[in-house]
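These notes concern the structure reproduced below.
The values are calculated or read from the model by the stated rules, or taken from the named source; none is laboratory data. Just so we're clear, the structure is a prediction, and the values are computed from it rather than from any experiment. Please note: Cβ atoms are built from the backbone with ideal geometry, for glycine as well, and neighbour counts cover all protein chains shown.
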Amino acid sequence: MQRSQDGCCLFQDPLFPASLASVLGSRPFRPLEPLCEGLSWRRPQDICPCPRLFPDKAQEGQVKQGILGDCWFLCACAVLQRNESLRAQVFPPGQPGWTEPGYTGHFTCRFWQFGQWVEITIDDRLPCIAGQLCFSRCQPEDVFWLPLLEKAYAKLHGSYELLWAGQVADALVDLTGGLAERWTLVESTGSPDTRIGISTPESEVFKRLMDLKDRCLISCSVLRSMEDASELGEFHAFVVTDIRDLGCINSEELVLLRIQNPWGRRCWNGTWREGGEGWTKLDKMDASDLLSQVQEGEFWVEKAEFLQRFDEVTVGYPMSEAGHIQSLHTDRWLCHTQQLSGSWVKGQSAGGSRNNSSFPSNPKFWLRVSEQSEVCIALLQCHKGPGNKRPRLDWAARSHRCVYEDPEASSADLKEKYTPAVGLHMWKVEKRRFNLLKALSESPVAGTKCHSYDREVHLRRILTPGHYLLVPSTFLKDVDGQFLLRAFSTGRIHLSEIKPLPGTAVGCMEELPTGAWERVQLTGRWESGKTAGGSRNFTSYHTNPSFPLSICDGLGNQNVKVLLRQHCCDNEINAIGFHVFQEASGIPRVSSQQEPVASCVPHRYAQEVSLQCTLPPGQYRVIPSTYHPGQEADFTLTLATRIERKPRQCRETLGQVLQELSVSHVMKR
């Protein structure tokens, strides 16, 4: 048992012991297992004679990756070198070092997890091979903040091996409690052969990076498999340490980026490598100055080469010492913040995406904006499993689906190990005259581009004062999960949850509100070349099936619910929707210029879609359609009309109100 200078026994962490179990964990995917022969655990004073926690100058503590594939985490760690207040948040000050009184062999680190800072205490026994650190280390090698932080992060996850592959953005959030955005440098098809120079919001990438380079961490990544990988490696993350605009050289704008490779070696064979032909374009003094700034593992890349060889940029939002976040887009400070947690519960509040008629059952939140503001809403999903364990990320998949490399796992196991795709949509509504189904049938004022398998997704908009309805959702319905909704704003805001009324249900036709309803069920078919006219975007729309709907006079406006269900296999689902048109007097036909009085759009890839609305007396036409012409399917259209009758009183029941259900019930007597 080792002892400190004052004779105390050095701490040994029983929850994360110095054993192979802390390295490998328990999952079948074990890339470290063949690399751990001869593994031993040593304290820093056993590795070098004079260990230090931090270097004298923060910039001198360059990160260097070992045999563990956690470049994503190490790149994010570089943010602590740029922000002293963040470093003090992650490493609480006052912890005695190895040569100081009070040292007992343990250190405490903090990580931001699901809305709060969590303390993780570890002993300082670090994994070594041949007497040297085998995972991360600093340059110089007598500095130990990085391997200690890596060990605490591994304990948080459950093992070192569970840090194998991930997203820089996730680690940045865990280390700062802030936000991080990912900007793609390739087209949405993900083809590395079709580069762009870059589209919105990426068209502003370099302008923004030039402004942000001294205030936040910038990382870039290669997201290609071994077949397409270059000397930069596959699925690898780097740090952008500097960006220089050198003006026009030979009538061409020249922008250079200095890139740091966590591997700790230069891996660049481009035109601006050391000794490359690119340097001949510059004055010798300027070239010498730029080359003198390159440290071990760094290299310069020209803008065009950067766009060609890298696939993605991750940028962490700058943070003030007070914890305020600065916008990446406008430079304004988002000083007003609020957060609320929620959950998707199968059969209750896990309604799935807008493709599903059960979408309105998802959790709902009010966002009150008091003054025109730049607002950023972040939806963070909580990972399942003990120790907040996270799956290995397949960066090659443009959907960013999380994948476990476990060929023996059952389909049920794999379902639990997937991180669900999540999205967030926002509607502006009049709170006092708010009708949920009507509001959700309209197009949202903002929404995520798609449901993403990322841990966190964002919405950013300039919002005018008023009330906004926020609906977070998973792509598939009945997917359980917890989430945290965070709102950041330049102006005053208030976020609150909308509590569902007891016993309320939204969605299918069988769950109509109480009262008497008259139903009509109609069948039809979309047939290519005949009745499959597609949506109103196409001139063939008028060929779609058309069904009459009559609202009788004398009863005033009536509640109507329309449900359209297509009959096909799940893998053959079409995008479907419908419009309700009012007939012109005596003309049972809809003109091509006529606007609908109610619509169930956008068209959704779902077995069924529905809409509840209120219509005045008159004659109407309901026209169901697929989005594209020529798509065939049988369908059922159900029309339900609320029968409004005055309640009757009966003296024999002492004035209790009785409600007549329907005429047919009376006639049976």
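Conditions (1) in contact with a Phe, Trp or Tyr (Cβ under 9 Å, 6 or more places away or on another chain); (2) among the hydrophobic types (A, V, I, L, M, F, W, C), marked per residue:
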{"residue": "G270", "(1), (2)": "yes, no"}
{"residue": "G275", "(1), (2)": "no, no"}
{"residue": "L282", "(1), (2)": "no, yes"}
{"residue": "M285", "(1), (2)": "no, yes"}
{"residue": "L290", "(1), (2)": "yes, yes"}
{"residue": "Q295", "(1), (2)": "no, no"}
{"residue": "E305", "(1), (2)": "yes, no"}
{"residue": "Y317", "(1), (2)": "yes, no"}
{"residue": "I325", "(1), (2)": "yes, yes"}
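Determine whether the stretch 84-92 contains at least one residue that is in contact with a Gly (Cβ under 6 Å, 6 or more places away or on another chain), under 23 Å from Q260 (Cβ atoms), modelled with pLDDT of 90 or more and not in a strand (DSSP E or B). Looking for residues that are in contact with a Gly (Cβ under 6 Å, 6 or more places away or on another chain), under 23 Å from Q260 (Cβ atoms), modelled with pLDDT of 90 or more and not in a strand (DSSP E or B), one finds none in the stretch 84-92, hence no.
Out of the residues in the stretch 46-81 that are surrounded by fewer than 18 Cβ atoms within 10 Å (Cβ to Cβ) and charged (D, E, K, R), state the one that is modelled with the lowest pLDDT. Ranking the qualifying residues of the stretch 46-81, first place goes to E60. Annotation: R273 fulfils all but one of (1) modelled with pLDDT under 80; (2) among the charged types (D, E, K, R); (3) under 30 Å from C138 (Cα atoms); the unmet one is (1). Only one entry of E572, E652, E595, E644 meets the criterion of being modelled with pLDDT of 85 or more, of a type in the set (D, E) and more than 19 Å from F359 (Cβ to Cβ), and that entry is E595.
State the number of residues belonging to the stretch 459-474 that are crowded, with 19+ Cβ neighbours inside 10 Å and not small (G, A, S). Total meeting the criteria: 9.
Only one of the numbered conditions (1) at pLDDT 90 or above; (2) out of contact with any strand residue (DSSP E or B) (no Cβ under 6 Å at 6 or more places or on another chain) is violated by V301, and that is (2).
With the structure loaded, tell me whether D70 is among the charged types (D, E, K, R), within 23 Å of E37 (Cα to Cα) and more than 30 Å from the chain's Cα centre (by Cα) or whether it fails that test. It is false that D70 is among the charged types (D, E, K, R), within 23 Å of E37 (Cα to Cα) and more than 30 Å from the chain's Cα centre (by Cα). The strands (runs of 3 or more DSSP E) found entirely in the stretch 97-141 that carry 3 or more residues being free of Cβ contacts under 8 Å to residues at least 60 places away in the same chain and either more than 14 Å from R43 (Cα to Cα) or not assigned by TED's automatic domain parsing to the domain that holds L74 (or both) are 106-113, 116-123.
Look at (1) in the same structural domain as V168 (by TED's automatic domain parsing); (2) closer than 15 Å to A154 by Cα and you find that L15 fails only one, number (1). Every test in (1) more than 24 Å from A322 (Cα to Cα); (2) at pLDDT 95 or above; (3) in contact with a Leu (Cβ under 9 Å, 6 or more places away or on another chain) is passed by W164 save one, and that test is (2).
One line per residue, one yes/no per condition, for (1) modelled with pLDDT under 95; (2) polar (S, T, N, Q); (3) farther than 22 Å from K499 by Cβ; (4) assigned to a strand (DSSP E or B):
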| site | (1), (2), (3), (4) |
| --- | --- |
| L379 | no, no, no, yes |
| S399 | yes, yes, yes, no |
| Y404 | yes, no, yes, no |
| P407 | yes, no, yes, no |
| E416 | yes, no, yes, no |
| L424 | no, no, no, yes |
| A439 | yes, no, no, no |
| K477 | yes, no, no, no |
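Listed conditions (1) surrounded by fewer than 19 Cβ atoms within 10 Å (Cβ to Cβ); (2) touching a Gly at 6+ places or on another chain (Cβ under 7 Å) are all met by G275, apart from (2). Restricted to strands (runs of 3 or more DSSP E) entirely inside the stretch 280-371, those with at least 1 residues that are under 19 Å from the mean Cα position of the chain (by Cα) are 312-316, 336-344, 365-369. The conditions of being of a type in the set (V, I, T) and either over 18 Å from V90 (Cα atoms) or at pLDDT 95 or above (or both) are met by V186. Look at (1) surrounded by 13 or more Cβ atoms within 10 Å (Cβ to Cβ); (2) under 31 Å from the mean Cα position of the chain (by Cα); (3) modelled with pLDDT under 85 and you find that A516 fails only one, number (2).
Using the structure shown, decide if G105 is out of contact with any Pro (no Cβ under 9 Å at 6 or more places or on another chain) and small (G, A, S). For G105, the condition - out of contact with any Pro (no Cβ under 9 Å at 6 or more places or on another chain) and small (G, A, S) - is met. Scanning the stretch 531-566 for residues that are of a type outside the set (F, W, Y) and either in contact with a helix residue (DSSP H, G or I) (Cβ under 7 Å, 6 or more places away or on another chain) or within 24 Å of N356 (Cα to Cα) (or both) yields a count of 18.
For beta carbons closer than 6 Å, sequence separation of 6+ or different chains, a first residue in the stretch 145-161 that is assigned by TED's automatic domain parsing to the domain that holds F114 and buried (at least 23 other Cβ atoms within 10 Å of the Cβ) and a second that is among the β-branched types (V, I, T) and at pLDDT 95 or above, the qualifying pairs are K151/I122.
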